[in-house]
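Undergrad: Dumping the structure here so I can ask a few things about it.
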2 protein chains.
Amino acid sequence: MNSKDREYWIQKAIEQAKLNETPFGAIIVDPEGRHVGAYNTTSKDGPAAHAEINVIQLMSQLDVEDPRALTLYSTVEPCPMCMSAIVWAGIGQVVFGASIDDAANFGKQLHISSKQIAELAWYPIQVEGGVLKDECKRLFT
Amino acid sequence: MNSKDREYWIQKAIEQAKLNETPFGAIIVDPEGRHVGAYNTTSKDGPAAHAEINVIQLMSQLDVEDPRALTLYSTVEPCPMCMSAIVWAGIGQVVFGASIDDAANFGKQLHISSKQIAELAWYPIQVEGGVLKDECKRLFT
């Protein structure tokens, strides 16, 4: 995956976030570029309805054989709830924009990095942050 | 809360688990004993549909002013996904039966204790395990 690809999909995640005027959008992409997207709906659906949880609900639409081939893109680093859900889902790659530390300037956060959770998984997960970080941080303002 | 109360509600969580023939059931109780219950539905609803996530979806039915007054009872120690969701929900007490280590004998687990996640919260959460532990462990067999 080249850096242009990563930026393209983070941009798609940003578009999801803007659809509901939240800082949080997420996309799951398969190797052929098929994708599903979602945004944070906690104000309507309760505290677990983060963008990543919502998009994981949609991943069966992609109909992949091995979820390790999937990449989840998120405007903000997945919190431990979402990162654990990503592990339960078996997703192999995670790319995000702003970090949990960035988000903590605008609200409460659980300070465990997504890499710390990924290291506890029973299969390898690649995690990369900081893609279009400034654009993602601007979603909070 | 006395130990009889705790056992009563863990028993209710066990009943939830048995409804769907999974080891995982959860109940949220308010100070007046009003409660909602749910079980694991991952086989139908995807990897995030743990009992605790499902019961948190129902907690608005309890209509409490401050969720810190609520107690969540679970047959098994909440995984980091569920424990983080409990923090996002603002729930004040957690009681469980079998531990993550117990559950790891029967399937993959993310080894972060619920107390470790609770310590990262911005409000105090009481966590107690081992209530009707043997009955809860038997749900796995």
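Undergrad: Taking into account only those residues within the range A:92-127 that are among the β-branched types (Val, Ile, Thr) and surrounded by 24 or more Cβ atoms within 10 Å (Cβ to Cβ), which is farthest from the other protein chains (Cβ to nearest Cβ)?
TA: A:95
Undergrad: Might you let me know whether the range A:85-106 holds any residue that is acidic (Asp, Glu) and free of Cβ contacts under 8 Å to residues at least 12 places away in the same chain?
TA: yes
Undergrad: Of the conditions (1) touching a Lys or Arg at 6+ places or on another chain (Cβ under 9 Å); (2) in contact (Cβ under 8 Å) with a residue 40 or more places away in the chain, residue A:39 clears all except one; give me its number.
TA: (2) is the only condition that residue A:39 fails.
Undergrad: Considering only residues of the range B:14-32 that are touching a Phe, Trp or Tyr at 6+ places or on another chain (Cβ under 9 Å) and closer than 15 Å to residue B:70 by Cα, which is surrounded by the most Cβ atoms within 10 Å (Cβ to Cβ)?
TA: Top of the filtered list is B:26.
Undergrad: Considering every residue within the range B:35-50, establish whether at least one is out of contact with any Leu (no Cβ under 9 Å at 6 or more places or on another chain), farther than 19 Å from residue A:111 by Cα and among the aromatic types (Phe, Trp, Tyr).
TA: Among the residues of the range B:35-50, not one is out of contact with any Leu (no Cβ under 9 Å at 6 or more places or on another chain), farther than 19 Å from residue A:111 by Cα and among the aromatic types (Phe, Trp, Tyr), which makes the answer no.
Undergrad: Now for a separate question. Looking only at the range B:14-44, filter to residues that are under 21 Å from residue B:103 (Cα atoms) and among the acidic types (Asp, Glu); which one of those is nearest to the other protein chains (Cβ to nearest Cβ)?
TA: Checking each candidate, the answer is B:21.
Undergrad: Still on this structure, I have one more. With the condition kept exactly as written, say whether any residue in the range A:107-118 is farther than 30 Å from residue B:124 by Cβ and without any contact (Cβ under 8 Å) to a residue 12 or more places away in the chain.
TA: Scanning the range A:107-118, I find no residue that is farther than 30 Å from residue B:124 by Cβ and without any contact (Cβ under 8 Å) to a residue 12 or more places away in the chain, so the answer is no.
Undergrad: Name, by its number, the condition in (1) surrounded by 19 or more Cβ atoms within 10 Å (Cβ to Cβ); (2) closer than 20 Å to residue B:39 by Cα; (3) within 14 Å of chain A (Cβ to nearest Cβ) that does not hold for residue B:136.
TA: For residue B:136, the exception is condition (3).
Undergrad: For the range A:122-141, which positions are assigned to a strand (DSSP E or B) and modelled with pLDDT under 95?
TA: To start, the set of residues in the range A:122-141 that are assigned to a strand (DSSP E or B) comprises A:126-128.
Matches in the range A:122-141: none.
The values are calculated or read from the model by the stated rules, or taken from the named source; none is laboratory data. Quick caveat, the model's predicted, so the values are computed rather than measured. Every residue, glycine as well, gets a Cβ built from its backbone with ideal geometry; the counts of neighbours run over all protein chains shown.
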